[in-house]
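Q: I'd like to ask you about the structure that follows.
The values are calculated or read from the model by the stated rules, or taken from the named source; none is laboratory data. As the structure is a computational prediction, the values presented were derived from the model and not from experiment. Glycine also receives a Cβ, built like all others from the backbone with ideal geometry; neighbour counts cover every protein chain displayed.
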Amino acid sequence: MSGKFYIRTFGCQMNEHDSERIAGSLVKEGLSRASGIDDADVVVLNTCCVRENADNKLYGNLGHLKAIKESRPGLKIVVAGCLAQKDKDLVAKKAPYVDMVVGTFNSTRVGRLLSDIRSGSTLVEIWDGPKPEEGLDNALVAERDSAYSAWVNIQTGCNNNCAFCIVPAVRGAESSRPFGEIVKEVGALARSGVTEVTLLGQNVNSYGRDLTLAIRQGRIVGDVEYIAGDIWTDSPKRRPAPLFADLLRAIGSISGIRRVRFTSPHPKDIRLETIAAMAEVPSVCEHLHFPLQSGSDSVLARMHRGYDSHRYLTQLNSARESIPDLAVTTDIIVGFPGETEADFEATLEVASAAEYDGAFTFIFSPRPGTEAEAMVDLAVAPEVIAQRFEKLKVVIDRSGYAKNLARVGRVEEVMVEGPSKRSNDVWSGRTRQNRLVHFPAPRAIDDPKSQGAFFTPGSYLDVRIDYGAPHFIRGEVVSVNYLPKAERPRILVASS
Ligand code: SF4
(Lines give C-alpha, C1' and ligand atoms only; values in the text may rest on other atoms or scores of the structure.)
Protein backbone atom coordinates (compact mmCIF):
# COMPACT_ATOMS: atom_id res chain seq x y z
CA MET A 1 0.00 0.00 0.00
CA SER A 2 1.32 3.47 -0.74
CA GLY A 3 0.28 6.92 0.41
CA LYS A 4 1.01 9.33 3.23
CA PHE A 5 -0.32 9.57 6.78
CA TYR A 6 -0.68 12.30 9.35
CA ILE A 7 -1.35 11.68 13.04
CA ARG A 8 -2.75 14.27 15.44
CA THR A 9 -2.25 13.34 19.08
CA PHE A 10 -4.23 14.58 22.07
CA GLY A 11 -3.26 14.01 25.71
CA CYS A 12 -0.38 12.49 27.59
CA GLN A 13 3.04 10.95 26.87
CA MET A 14 1.41 7.52 26.78
CA ASN A 15 -0.73 8.72 23.88
CA GLU A 16 2.27 10.34 22.18
CA HIS A 17 4.07 7.02 22.30
CA ASP A 18 0.96 5.15 21.11
CA SER A 19 0.99 7.49 18.11
CA GLU A 20 4.60 6.52 17.41
CA ARG A 21 3.51 2.88 17.41
CA ILE A 22 0.53 3.64 15.17
CA ALA A 23 2.98 5.37 12.81
CA GLY A 24 5.12 2.22 12.95
CA SER A 25 2.13 0.10 11.91
CA LEU A 26 1.46 2.41 8.94
CA VAL A 27 5.09 2.52 7.80
CA LYS A 28 5.12 -1.29 7.98
CA GLU A 29 2.27 -1.28 5.43
CA GLY A 30 4.26 0.93 3.07
CA LEU A 31 2.93 4.41 3.95
CA SER A 32 5.14 7.40 4.70
CA ARG A 33 4.73 10.52 6.79
CA ALA A 34 2.88 13.54 5.37
CA SER A 35 3.92 17.03 6.37
CA GLY A 36 0.33 17.88 7.36
CA ILE A 37 -3.31 17.12 6.68
CA ASP A 38 -3.12 18.73 3.23
CA ASP A 39 -0.86 16.09 1.73
CA ALA A 40 -2.14 13.15 3.78
CA ASP A 41 -4.12 10.19 2.43
CA VAL A 42 -4.79 8.87 5.94
CA VAL A 43 -5.43 11.11 8.96
CA VAL A 44 -5.42 9.53 12.42
CA LEU A 45 -6.83 11.36 15.43
CA ASN A 46 -5.37 9.67 18.53
CA THR A 47 -7.78 10.83 21.21
CA CYS A 48 -7.70 11.46 24.95
CA CYS A 49 -10.65 11.56 27.35
CA VAL A 50 -8.83 12.74 30.45
CA ARG A 51 -9.21 16.46 29.77
CA GLU A 52 -12.41 18.46 29.81
CA ASN A 53 -14.29 18.91 26.53
CA ALA A 54 -12.43 16.05 24.85
CA ASP A 55 -15.62 15.13 22.97
CA ASN A 56 -16.13 18.67 21.71
CA LYS A 57 -12.54 18.85 20.53
CA LEU A 58 -12.80 15.51 18.71
CA TYR A 59 -16.06 16.35 16.93
CA GLY A 60 -14.75 19.83 16.09
CA ASN A 61 -11.71 18.24 14.43
CA LEU A 62 -13.89 15.68 12.68
CA GLY A 63 -16.14 18.43 11.31
CA HIS A 64 -13.10 20.09 9.78
CA LEU A 65 -11.93 16.76 8.28
CA LYS A 66 -15.42 16.08 6.90
CA ALA A 67 -15.21 19.25 4.82
CA ILE A 68 -11.78 18.17 3.49
CA LYS A 69 -13.06 14.68 2.72
CA GLU A 70 -15.90 16.13 0.66
CA SER A 71 -13.35 17.68 -1.66
CA ARG A 72 -10.96 14.69 -1.42
CA PRO A 73 -13.16 11.57 -1.16
CA GLY A 74 -10.09 9.28 -1.07
CA LEU A 75 -9.04 10.66 2.31
CA LYS A 76 -9.28 8.04 5.08
CA ILE A 77 -10.15 9.25 8.58
CA VAL A 78 -9.22 7.10 11.58
CA VAL A 79 -10.18 7.73 15.22
CA ALA A 80 -8.06 5.88 17.78
CA GLY A 81 -7.31 5.95 21.50
CA CYS A 82 -9.07 6.61 24.80
CA LEU A 83 -12.17 8.48 23.63
CA ALA A 84 -12.78 5.86 20.93
CA GLN A 85 -12.43 3.15 23.60
CA LYS A 86 -14.89 4.94 25.89
CA ASP A 87 -17.49 5.82 23.28
CA LYS A 88 -17.24 2.61 21.24
CA ASP A 89 -19.92 2.76 18.45
CA LEU A 90 -20.87 6.34 19.24
CA VAL A 91 -18.12 7.88 17.09
CA ALA A 92 -19.39 6.03 13.99
CA LYS A 93 -22.96 7.09 14.75
CA LYS A 94 -22.12 10.75 15.25
CA ALA A 95 -19.58 10.93 12.40
CA PRO A 96 -20.47 8.23 9.83
CA TYR A 97 -17.87 9.59 7.39
CA VAL A 98 -15.11 8.27 9.70
CA ASP A 99 -13.50 5.23 8.04
CA MET A 100 -12.08 3.44 11.07
CA VAL A 101 -12.44 3.49 14.86
CA VAL A 102 -9.99 1.54 17.03
CA GLY A 103 -9.55 1.55 20.81
CA THR A 104 -6.58 1.63 23.17
CA PHE A 105 -5.89 -2.12 23.09
CA ASN A 106 -5.58 -2.45 19.33
CA SER A 107 -4.50 0.96 18.11
CA THR A 108 -1.42 -0.52 16.45
CA ARG A 109 -3.67 -2.57 14.16
CA VAL A 110 -4.48 0.62 12.22
CA GLY A 111 -1.94 -0.29 9.51
CA ARG A 112 -3.20 -3.85 9.08
CA LEU A 113 -6.86 -2.81 9.06
CA LEU A 114 -6.49 -0.15 6.35
CA SER A 115 -7.10 -2.64 3.55
CA ASP A 116 -10.35 -3.79 5.24
CA ILE A 117 -11.94 -0.34 4.98
CA ARG A 118 -15.01 -0.33 2.73
CA SER A 119 -16.38 2.86 1.33
CA GLY A 120 -19.67 4.01 2.83
CA SER A 121 -19.23 2.26 6.19
CA THR A 122 -17.12 2.65 9.32
CA LEU A 123 -14.87 -0.19 10.41
CA VAL A 124 -15.15 -0.32 14.22
CA GLU A 125 -12.79 -2.59 16.15
CA ILE A 126 -12.75 -2.05 19.91
CA TRP A 127 -11.32 -4.74 22.16
CA ASP A 128 -12.28 -5.11 25.83
CA GLY A 129 -8.73 -5.90 26.90
CA PRO A 130 -5.25 -6.71 25.59
CA LYS A 131 -4.68 -9.83 23.54
CA PRO A 132 -1.28 -11.33 24.33
CA GLU A 133 -0.37 -11.84 20.71
CA GLU A 134 -1.09 -8.20 19.91
CA GLY A 135 -0.09 -6.50 23.20
CA LEU A 136 3.05 -4.42 23.13
CA ASP A 137 5.13 -6.82 21.06
CA ASN A 138 5.37 -4.37 18.20
CA ALA A 139 7.19 -1.72 20.21
CA LEU A 140 10.31 -2.23 18.14
CA VAL A 141 8.58 -1.05 14.99
CA ALA A 142 7.59 2.28 16.54
CA GLU A 143 8.32 5.28 14.29
CA ARG A 144 9.78 7.56 16.91
CA ASP A 145 9.66 11.33 16.71
CA SER A 146 13.13 11.73 18.21
CA ALA A 147 16.32 9.89 17.26
CA TYR A 148 17.92 10.60 20.66
CA SER A 149 15.21 10.38 23.28
CA ALA A 150 12.64 7.58 23.42
CA TRP A 151 9.55 6.66 25.38
CA VAL A 152 9.35 3.01 26.33
CA ASN A 153 6.17 1.43 27.64
CA ILE A 154 6.78 -0.87 30.59
CA GLN A 155 3.18 -1.45 31.58
CA THR A 156 -0.34 -0.67 30.46
CA GLY A 157 -3.53 -0.13 32.44
CA CYS A 158 -4.02 0.59 36.12
CA ASN A 159 -5.41 -1.39 39.07
CA ASN A 160 -6.19 1.67 41.16
CA ASN A 161 -9.52 3.39 41.37
CA CYS A 162 -8.83 7.07 41.93
CA ALA A 163 -12.26 8.65 42.08
CA PHE A 164 -11.47 11.34 39.50
CA CYS A 165 -9.73 9.17 36.91
CA ILE A 166 -11.05 7.49 33.80
CA VAL A 167 -7.82 5.73 32.86
CA PRO A 168 -8.65 2.28 34.34
CA ALA A 169 -11.94 2.31 32.38
CA VAL A 170 -10.24 2.93 29.04
CA ARG A 171 -6.82 1.29 29.52
CA GLY A 172 -7.90 -1.77 31.52
CA ALA A 173 -6.11 -3.62 34.33
CA GLU A 174 -2.39 -3.34 34.95
CA SER A 175 -0.31 -5.49 32.65
CA SER A 176 3.51 -5.46 32.82
CA ARG A 177 5.64 -6.07 29.78
CA PRO A 178 8.13 -8.89 30.09
CA PHE A 179 11.35 -7.71 31.71
CA GLY A 180 13.63 -9.14 29.03
CA GLU A 181 11.57 -7.63 26.23
CA ILE A 182 11.93 -4.11 27.68
CA VAL A 183 15.67 -4.55 28.18
CA LYS A 184 16.03 -5.78 24.58
CA GLU A 185 14.07 -2.83 23.23
CA VAL A 186 16.22 -0.32 25.11
CA GLY A 187 19.37 -2.14 23.97
CA ALA A 188 18.24 -1.80 20.35
CA LEU A 189 17.41 1.88 20.92
CA ALA A 190 20.86 2.50 22.38
CA ARG A 191 22.51 0.85 19.39
CA SER A 192 20.52 3.13 17.09
CA GLY A 193 21.80 6.26 18.86
CA VAL A 194 19.16 6.89 21.55
CA THR A 195 20.79 8.14 24.76
CA GLU A 196 17.74 9.03 26.88
CA VAL A 197 14.78 6.79 27.68
CA THR A 198 11.63 7.56 29.62
CA LEU A 199 9.91 4.48 31.04
CA LEU A 200 6.15 4.89 30.83
CA GLY A 201 3.40 3.39 32.93
CA GLN A 202 0.31 4.56 34.81
CA ASN A 203 1.90 3.37 38.05
CA VAL A 204 5.49 2.37 37.34
CA ASN A 205 6.14 1.46 40.99
CA SER A 206 3.85 -1.52 40.71
CA TYR A 207 5.70 -2.82 37.64
CA GLY A 208 5.95 -6.60 37.90
CA ARG A 209 3.24 -7.04 40.55
CA ASP A 210 0.90 -8.73 38.07
CA LEU A 211 3.79 -10.95 36.96
CA THR A 212 4.30 -12.10 40.55
CA LEU A 213 0.68 -13.21 40.67
CA ALA A 214 0.89 -14.92 37.29
CA ILE A 215 4.04 -16.76 38.36
CA ARG A 216 2.42 -17.82 41.66
CA GLN A 217 -0.55 -19.11 39.73
CA GLY A 218 1.81 -21.11 37.54
CA ARG A 219 0.83 -19.34 34.35
CA ILE A 220 4.27 -18.17 33.23
CA VAL A 221 6.75 -20.29 35.18
CA GLY A 222 10.01 -20.63 33.32
CA ASP A 223 9.43 -17.77 30.92
CA VAL A 224 12.83 -16.12 30.90
CA GLU A 225 11.43 -12.90 29.48
CA TYR A 226 9.88 -12.22 32.89
CA ILE A 227 12.93 -12.88 35.02
CA ALA A 228 14.80 -9.94 36.49
CA GLY A 229 18.42 -10.08 37.42
CA ASP A 230 19.94 -12.48 34.96
CA ILE A 231 20.42 -9.78 32.38
CA TRP A 232 21.95 -7.05 34.48
CA THR A 233 23.85 -9.08 37.03
CA ASP A 234 24.79 -12.64 37.84
CA SER A 235 24.36 -11.94 41.53
CA PRO A 236 22.04 -14.11 43.63
CA LYS A 237 19.48 -11.31 43.48
CA ARG A 238 18.02 -12.90 40.35
CA ARG A 239 14.30 -13.24 40.92
CA PRO A 240 11.32 -14.26 38.83
CA ALA A 241 9.14 -11.39 40.05
CA PRO A 242 10.89 -8.27 38.85
CA LEU A 243 10.60 -5.03 40.72
CA PHE A 244 10.67 -1.62 39.14
CA ALA A 245 14.04 -1.14 40.85
CA ASP A 246 15.42 -4.16 38.94
CA LEU A 247 14.28 -2.59 35.72
CA LEU A 248 15.93 0.75 36.55
CA ARG A 249 19.21 -1.05 37.25
CA ALA A 250 18.99 -3.13 34.09
CA ILE A 251 18.11 -0.21 31.82
CA GLY A 252 20.61 2.05 33.54
CA SER A 253 23.46 -0.35 32.84
CA ILE A 254 22.89 -0.55 29.08
CA SER A 255 25.86 0.86 27.24
CA GLY A 256 25.07 4.17 25.50
CA ILE A 257 22.09 5.09 27.72
CA ARG A 258 23.08 8.28 29.50
CA ARG A 259 19.74 9.23 31.03
CA VAL A 260 16.87 7.14 32.39
CA ARG A 261 13.63 8.85 33.35
CA PHE A 262 10.25 7.44 34.32
CA THR A 263 6.68 8.54 34.83
CA SER A 264 4.60 8.21 36.87
CA PRO A 265 5.23 6.58 40.23
CA HIS A 266 2.30 6.34 42.67
CA PRO A 267 3.20 7.60 46.17
CA LYS A 268 1.46 4.65 47.81
CA ASP A 269 3.63 2.14 45.95
CA ILE A 270 7.09 3.71 45.97
CA ARG A 271 9.61 1.28 47.50
CA LEU A 272 12.95 1.71 49.22
CA GLU A 273 14.47 -0.43 46.46
CA THR A 274 13.39 2.14 43.87
CA ILE A 275 14.89 5.02 45.82
CA ALA A 276 18.10 3.02 46.27
CA ALA A 277 18.27 2.29 42.53
CA MET A 278 17.73 5.99 41.76
CA ALA A 279 20.53 6.89 44.16
CA GLU A 280 22.98 4.23 42.96
CA VAL A 281 22.55 4.05 39.19
CA PRO A 282 24.40 7.02 37.64
CA SER A 283 22.23 7.22 34.51
CA VAL A 284 18.93 7.44 36.44
CA CYS A 285 18.14 11.15 36.53
CA GLU A 286 17.67 13.11 39.75
CA HIS A 287 14.03 13.84 39.09
CA LEU A 288 10.97 12.38 40.77
CA HIS A 289 7.49 13.21 39.56
CA PHE A 290 5.44 12.47 42.67
CA PRO A 291 1.71 13.19 42.22
CA LEU A 292 0.18 14.63 45.41
CA GLN A 293 -3.33 15.44 44.05
CA SER A 294 -4.39 16.95 47.41
CA GLY A 295 -2.78 17.77 50.75
CA SER A 296 -5.98 17.11 52.70
CA ASP A 297 -6.22 13.66 54.26
CA SER A 298 -10.00 13.59 53.97
CA VAL A 299 -9.88 14.55 50.26
CA LEU A 300 -7.13 11.98 49.65
CA ALA A 301 -9.34 9.33 51.29
CA ARG A 302 -12.32 10.28 49.14
CA MET A 303 -10.09 10.20 46.08
CA HIS A 304 -8.97 6.64 47.15
CA ARG A 305 -5.32 7.59 46.83
CA GLY A 306 -4.08 5.15 49.48
CA TYR A 307 -1.78 7.54 51.40
CA ASP A 308 -2.10 10.52 53.69
CA SER A 309 -0.13 13.74 53.69
CA HIS A 310 2.23 12.58 56.47
CA ARG A 311 3.19 9.41 54.60
CA TYR A 312 3.59 11.36 51.39
CA LEU A 313 5.97 13.88 52.94
CA THR A 314 7.89 11.17 54.80
CA GLN A 315 8.54 9.33 51.53
CA LEU A 316 9.45 12.54 49.77
CA ASN A 317 11.93 13.50 52.48
CA SER A 318 13.49 10.06 52.47
CA ALA A 319 13.93 10.25 48.68
CA ARG A 320 15.56 13.67 49.03
CA GLU A 321 17.89 12.39 51.77
CA SER A 322 18.99 9.43 49.66
CA ILE A 323 19.29 11.15 46.27
CA PRO A 324 21.45 14.28 46.32
CA ASP A 325 20.10 17.20 44.31
CA LEU A 326 16.75 15.51 43.63
CA ALA A 327 14.17 17.65 41.81
CA VAL A 328 10.55 16.90 42.67
CA THR A 329 7.49 17.79 40.63
CA THR A 330 3.86 16.92 41.19
CA ASP A 331 0.22 16.98 40.05
CA ILE A 332 -2.41 18.73 42.17
CA ILE A 333 -6.17 18.97 41.61
CA VAL A 334 -7.96 22.04 42.94
CA GLY A 335 -11.68 21.92 43.74
CA PHE A 336 -12.29 18.18 44.11
CA PRO A 337 -15.96 17.82 45.18
CA GLY A 338 -16.40 18.65 48.85
CA GLU A 339 -13.00 20.40 49.15
CA THR A 340 -13.40 22.85 52.06
CA GLU A 341 -11.31 25.90 52.82
CA ALA A 342 -9.51 23.83 55.49
CA ASP A 343 -8.83 21.08 52.94
CA PHE A 344 -7.36 23.58 50.55
CA GLU A 345 -5.23 25.17 53.30
CA ALA A 346 -3.85 21.68 53.97
CA THR A 347 -2.89 21.42 50.28
CA LEU A 348 -1.10 24.77 50.49
CA GLU A 349 0.76 23.58 53.59
CA VAL A 350 1.92 20.33 52.00
CA ALA A 351 2.89 22.11 48.76
CA SER A 352 4.86 24.62 50.79
CA ALA A 353 6.60 21.91 52.83
CA ALA A 354 7.36 19.84 49.72
CA GLU A 355 9.16 22.79 48.06
CA TYR A 356 8.39 21.53 44.60
CA ASP A 357 10.53 22.35 41.60
CA GLY A 358 7.36 22.53 39.53
CA ALA A 359 3.80 21.25 39.34
CA PHE A 360 0.97 20.54 36.96
CA THR A 361 -2.06 22.07 38.65
CA PHE A 362 -5.55 21.21 37.44
CA ILE A 363 -9.00 22.54 38.10
CA PHE A 364 -11.26 19.60 38.89
CA SER A 365 -13.69 18.70 36.16
CA PRO A 366 -15.81 15.55 36.30
CA ARG A 367 -14.95 12.81 33.82
CA PRO A 368 -17.90 10.79 32.62
CA GLY A 369 -18.08 7.35 34.18
CA THR A 370 -15.89 8.17 37.19
CA GLU A 371 -16.99 8.06 40.83
CA ALA A 372 -16.38 11.80 41.16
CA GLU A 373 -18.86 12.50 38.36
CA ALA A 374 -21.68 11.50 40.72
CA MET A 375 -20.54 13.97 43.43
CA VAL A 376 -22.41 16.88 41.86
CA ASP A 377 -23.98 17.85 45.18
CA LEU A 378 -20.52 18.51 46.57
CA ALA A 379 -19.28 20.63 43.66
CA VAL A 380 -17.16 23.63 44.69
CA ALA A 381 -18.21 26.98 43.20
CA PRO A 382 -16.12 27.91 40.12
CA GLU A 383 -15.17 31.33 41.52
CA VAL A 384 -13.90 29.69 44.74
CA ILE A 385 -11.87 27.20 42.69
CA ALA A 386 -10.41 30.01 40.59
CA GLN A 387 -9.22 31.87 43.70
CA ARG A 388 -7.72 28.71 45.20
CA PHE A 389 -6.01 27.89 41.93
CA GLU A 390 -4.27 31.27 41.89
CA LYS A 391 -3.16 30.90 45.53
CA LEU A 392 -1.68 27.48 44.81
CA LYS A 393 0.12 28.80 41.76
CA VAL A 394 1.81 31.44 43.93
CA VAL A 395 3.12 28.77 46.32
CA ILE A 396 4.33 26.50 43.50
CA ASP A 397 5.94 29.33 41.53
CA ARG A 398 7.67 30.62 44.67
CA SER A 399 9.46 27.35 45.34
CA GLY A 400 10.12 26.70 41.61
CA TYR A 401 11.65 30.16 41.25
CA ALA A 402 13.80 29.71 44.35
CA LYS A 403 15.05 26.36 43.04
CA ASN A 404 15.89 27.87 39.65
CA LEU A 405 17.67 30.85 41.23
CA ALA A 406 19.76 28.39 43.26
CA ARG A 407 21.15 26.97 40.00
CA VAL A 408 22.75 30.31 39.03
CA GLY A 409 26.53 29.97 38.95
CA ARG A 410 26.42 26.19 38.55
CA VAL A 411 27.46 24.23 35.48
CA GLU A 412 24.61 21.95 34.37
CA GLU A 413 24.67 19.04 31.94
CA VAL A 414 22.07 19.79 29.26
CA MET A 415 20.68 17.55 26.56
CA VAL A 416 19.94 19.73 23.52
CA GLU A 417 16.36 19.69 22.17
CA GLY A 418 16.63 22.36 19.46
CA PRO A 419 15.62 25.96 18.73
CA SER A 420 13.45 27.53 21.43
CA LYS A 421 9.83 28.34 20.69
CA ARG A 422 10.49 32.07 20.48
CA SER A 423 13.75 32.50 18.59
CA ASN A 424 16.14 30.58 16.38
CA ASP A 425 19.02 32.42 18.06
CA VAL A 426 18.19 30.73 21.33
CA TRP A 427 18.14 26.97 21.74
CA SER A 428 16.65 24.89 24.53
CA GLY A 429 17.39 21.68 26.34
CA ARG A 430 16.85 19.86 29.62
CA THR A 431 19.07 19.23 32.62
CA ARG A 432 19.13 15.88 34.37
CA GLN A 433 16.56 17.35 36.78
CA ASN A 434 14.35 18.08 33.78
CA ARG A 435 14.76 21.84 34.06
CA LEU A 436 14.19 23.79 30.86
CA VAL A 437 17.40 25.63 29.90
CA HIS A 438 17.88 28.30 27.21
CA PHE A 439 21.32 29.02 25.72
CA PRO A 440 22.75 30.65 22.57
CA ALA A 441 22.24 28.76 19.30
CA PRO A 442 25.18 26.75 17.94
CA ARG A 443 27.54 28.22 15.38
CA ALA A 444 28.00 26.47 12.05
CA ILE A 445 30.77 23.92 12.14
CA ASP A 446 32.73 25.75 9.41
CA ASP A 447 32.44 29.10 11.24
CA PRO A 448 36.00 29.97 12.35
CA LYS A 449 34.48 31.55 15.46
CA SER A 450 32.74 28.31 16.28
CA GLN A 451 35.43 27.46 18.87
CA GLY A 452 33.85 24.13 19.43
CA ALA A 453 30.36 25.57 19.93
CA PHE A 454 28.89 23.34 17.24
CA PHE A 455 26.14 21.06 18.46
CA THR A 456 22.86 19.59 17.31
CA PRO A 457 19.69 18.22 18.91
CA GLY A 458 20.67 15.20 20.95
CA SER A 459 24.06 16.66 21.96
CA TYR A 460 25.09 16.98 25.60
CA LEU A 461 26.56 20.30 26.73
CA ASP A 462 27.88 21.84 29.89
CA VAL A 463 26.07 25.13 30.41
CA ARG A 464 27.03 27.71 33.04
CA ILE A 465 23.76 29.09 34.43
CA ASP A 466 23.59 32.87 34.75
CA TYR A 467 19.85 33.53 35.10
CA GLY A 468 16.89 31.89 36.80
CA ALA A 469 13.20 32.55 36.10
CA PRO A 470 10.15 30.79 37.60
CA HIS A 471 9.86 28.29 34.73
CA PHE A 472 13.29 28.15 33.09
CA ILE A 473 16.99 28.87 33.55
CA ARG A 474 19.48 30.38 31.09
CA GLY A 475 23.19 30.20 30.54
CA GLU A 476 26.27 30.08 28.30
CA VAL A 477 27.70 26.96 26.72
CA VAL A 478 30.94 25.94 28.42
CA SER A 479 31.68 22.79 26.45
CA VAL A 480 30.17 20.23 24.09
CA ASN A 481 30.60 16.85 25.71
CA TYR A 482 28.79 14.55 23.32
CA LEU A 483 27.53 14.75 19.77
CA PRO A 484 25.00 12.23 18.47
CA LYS A 485 26.53 9.56 16.27
CA ALA A 486 25.20 10.97 13.00
CA GLU A 487 26.49 14.43 13.80
CA ARG A 488 30.05 13.73 14.88
CA PRO A 489 32.28 15.87 12.68
CA ARG A 490 35.01 14.05 10.80
CA ILE A 491 38.47 15.17 11.84
CA LEU A 492 40.51 15.91 8.75
CA VAL A 493 44.00 14.47 8.81
CA ALA A 494 46.61 15.83 6.37
CA SER A 495 47.78 13.12 4.03
CA SER A 496 51.42 12.84 3.01
S1 SF4 B 1 -3.16 5.69 39.72
FE2 SF4 B 1 -5.13 6.73 39.87
S3 SF4 B 1 -4.78 8.62 38.67
FE4 SF4 B 1 -3.16 7.21 38.07
S5 SF4 B 1 -3.98 6.15 36.27
FE6 SF4 B 1 -4.46 4.88 38.04
S7 SF4 B 1 -6.54 5.49 38.63
FE8 SF4 B 1 -5.72 7.10 37.28
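Q: Where the second residue is among the β-branched types (Val, Ile, Thr) and crowded, with 20+ Cβ neighbours inside 10 Å and the first is in the same structural domain as Thr329 (by TED's automatic domain parsing) and farther than 19 Å from Asn161 by Cα and lies in the stretch 296-318, which pairs have Cβ atoms under 8 Å and are six or more apart or on separate chains?
A: Listed by first residue and then by second, the contacts come to Leu313/Val350; Gln315/Ile270; Leu316/Val328; Ser318/Ile275.
Q: Going by what's in this entry, would Val350 be described as more than 23 Å from Val194 (Cβ to Cβ), away from the ligand (no atom under 16 Å from the Cβ) and part of a strand (DSSP E or B)? Talk me through it step by step, then tell me what you get.
A: Details: more than 23 Å from Val194 (Cβ to Cβ): yes; away from the ligand (no atom under 16 Å from the Cβ): yes; part of a strand (DSSP E or B): no.
It is false that Val350 is more than 23 Å from Val194 (Cβ to Cβ), away from the ligand (no atom under 16 Å from the Cβ) and part of a strand (DSSP E or B).
Q: I'm trying to understand the selection: among the residues of the stretch 399-431, which are in a helix (DSSP H, G or I) and aromatic (Phe, Trp, Tyr)?
A: Selection gives Tyr401 alone.
Q: OK, next. Can you pull out every residue in the stretch 45-86 that is part of a loop (DSSP other than H, G, I, E, B) and of a type in the set (Gly, Ala, Ser)?
A: Within the stretch 45-86, the first condition is being part of a loop (DSSP other than H, G, I, E, B), and the residues that meet it are 48-53, 72-75.
Selection gives Gly74 alone.
Q: Could you count how many residues in the stretch 157-212 are within 11 Å of the ligand (Cβ to nearest atom) and hydroxyl-bearing (Ser, Thr, Tyr)?
A: So the answer is 1.
Q: Further question on the same structure: Might you let me know whether the stretch 288-298 holds any residue that is over 23 Å from the mean Cα position of the chain (by Cα), closer than 24 Å to Ile363 by Cβ and either within 16 Å of the ligand (Cβ to nearest atom) or polar (S, T, N, Q) (or both)? Lay out the reasoning, then the answer.
A: The first filter runs over the stretch 288-298 and keeps only residues over 23 Å from the mean Cα position of the chain (by Cα), leaving 295-298.
Now restrict to residues that are closer than 24 Å to Ile363 by Cβ: 295-298.
Now drop any that are not either within 16 Å of the ligand (Cβ to nearest atom) or polar (S, T, N, Q) (or both), which leaves 296, 298.
Yes, the stretch 288-298 contains a residue that is over 23 Å from the mean Cα position of the chain (by Cα), closer than 24 Å to Ile363 by Cβ and either within 16 Å of the ligand (Cβ to nearest atom) or polar (S, T, N, Q) (or both).
Q: Run down Gly81, Gly3 and say which single residue is of a type outside the set (D, E, K, R), crowded, with 19+ Cβ neighbours inside 10 Å, at pLDDT 90 or above and touching an Asp or Glu at 6+ places or on another chain (Cβ under 7 Å). Walk me through how you get there before you give the answer.
A: Numbers: Gly3 fails: crowded, with 19+ Cβ neighbours inside 10 Å.
Result of the check over Gly81, Gly3: Gly81.
Q: Got a number for residues in the stretch 343-397 being under 22 Å from Val170 (Cα atoms) and within 26 Å of the chain's Cα centre (by Cα)? Spell out the reasoning first.
A: As a first pass, look at the stretch 343-397 and keep what is under 22 Å from Val170 (Cα atoms): 362-375.
Going one step further and asking which of them are within 26 Å of the chain's Cα centre (by Cα), we end up with 362-373.
The total comes to 12.
Q: Of the residues Arg109, Arg118, Arg72, which is crowded, with 18+ Cβ neighbours inside 10 Å and away from the ligand (no atom under 16 Å from the Cβ)? I'd like the intermediate steps shown before the answer.
A: Working: Arg118 fails: crowded, with 18+ Cβ neighbours inside 10 Å; Arg72 fails: crowded, with 18+ Cβ neighbours inside 10 Å.
When all the criteria are applied, what remains is Arg109.
Q: Identify all residues within the stretch 250-272 that are assigned to a strand (DSSP E or B) and modelled with pLDDT under 95; write none if there are none.
A: Within the stretch 250-272, the first condition is being assigned to a strand (DSSP E or B), and the residues that meet it are 259-263.
Selection gives Thr263 alone.
Q: If you scan the stretch 299-332, which residues turn out to be within 16 Å of the ligand (Cβ to nearest atom), more than 25 Å from Phe389 (Cα to Cα) and in contact with a Leu (Cβ under 9 Å, 6 or more places away or on another chain)?
A: none
Q: Only one residue in Leu211, Leu189, Leu247 is within 30 Å of Phe362 (Cβ to Cβ) and either at pLDDT 90 or above or touching a helix residue (DSSP H, G or I) at 6+ places or on another chain (Cβ under 7 Å) (or both), so which one is that? Can you show your working first?
A: Working: Leu211 fails: within 30 Å of Phe362 (Cβ to Cβ); Leu189 fails: within 30 Å of Phe362 (Cβ to Cβ).
The conditions single out Leu247.
Q: Any residue in the stretch 273-286 that is in the same structural domain as Val152 (by TED's automatic domain parsing), within 16 Å of the ligand (Cβ to nearest atom) and not β-branched (Val, Ile, Thr)?
A: no
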